[in-house]
Structure formats: structure tokens, C-alpha cells
Amino acid sequence: MEQIVTEADWKLFRSKIAGWQERFMDKLVNEYSELLSGPEKLSSEKFWELEKRIKNDAKLKGVICEMRRSVMLYNLIELYRENAITDDDLDGFSEEIVRCVKLHVD
């Protein structure tokens, strides 16, 4: 998949990834806050549920991804699957990249 990643796509990805991840983690933090302030549960239940969520979420590309051009397309696909990015976030990428991301997600 690396062959279709142009220099312009790679530069655009590098310029956007930090903002996308910050936005995604903001969403996660809000979800965690809702979990903690939600229905009456024991504090221990909330704690362990939160710990499980954080452990799982820490593996998502919206939180951390390897910054190599050779895995950029894979990262985009995963970010899209995780709803860390939307169609609007794909604006500016080459048509081939956008097509490939959507093909692998549908």
C-alpha cells in the first residue's frame, strides 16, 4: 500500500495527525468523565471499568500510531474505522488515498 502514498499525502498526514489525536483523546476523556459521573455504581466498579477502557483505548491509532510513511495508509484506515477522523478530515489527500481508505472500511 505504501506505493500510493505521495510526498504531499505524507506531509499532509504529518501536519494533521496531532490534531486528530488530540480531538479523539478529548472525546475519550469526555466519555471517561461520563462513566465516572454516571449512574450510581460502586467506586470500585467505576475504577475497574475505566481502567479496562483506558487499557483498550491506548492501543487505538487515535491515541498512538507509528509515524512511518510505509504505514500511513494503514493508520488512516484505522483512524477512519475508529471514528477518529471523518470524510472531512480526508480532504486534501489524493483521490487514490481517499478511495483506498473508504474501500477498506466499507
Q. Each residue of the range 45-50 in turn: what ³J(HN,Hα) in whole Hz from Karplus with 6.51, -1.76, 1.60 and θ = phi - 60°, glycine and Pro shown as x?
A. 5, 4, 4, 5, 5, 5
Q. In the range 1-83, which GluC sites (Glu not before Pro) are in a loop and have at most 10 other Cβ atoms within 10 Å, using DSSP for the loop call?
A. Glu40, Glu66
Q) Average projected area of the Cα convex hull of the range 24-78, in nm²? A) 4.1 nm²
Q. Using all Cα-Cα distances in the chain, what percent lands in each 10 angstrom bin from 0 up to the longest?
A. 14, 42, 24, 14, 6, 0
Q. Between Glu7 and Lys59, what is the FRET efficiency for a Förster distance of 25 Å, r being their Cβ-Cβ separation, to the nearest 0.05?
A. 0.30
Q: Taking the Cα centre of the chain as origin, work out the dipole magnitude from +1 charges on Lys and Arg Cβ and -1 charges on Asp and Glu Cβ, in debye rounded to 20.
A: 340 debye
Q. Rounded to the nearest 500 deg cm²/dmol, what is the calculated helix-only ellipticity per residue at 222 nm for the chain, with -39500 (n - 2.57) per DSSP H run of length n ≥ 4?
A. -21000 deg cm²/dmol
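Quick note: the coordinates plus some simple rules give every number you see, no bench work behind them. Computed from a predicted model, the values in this text were never measured in an experiment. Cβ: placed from backbone, ideal geometry, glycine included. Neighbour counts: every protein chain shown.
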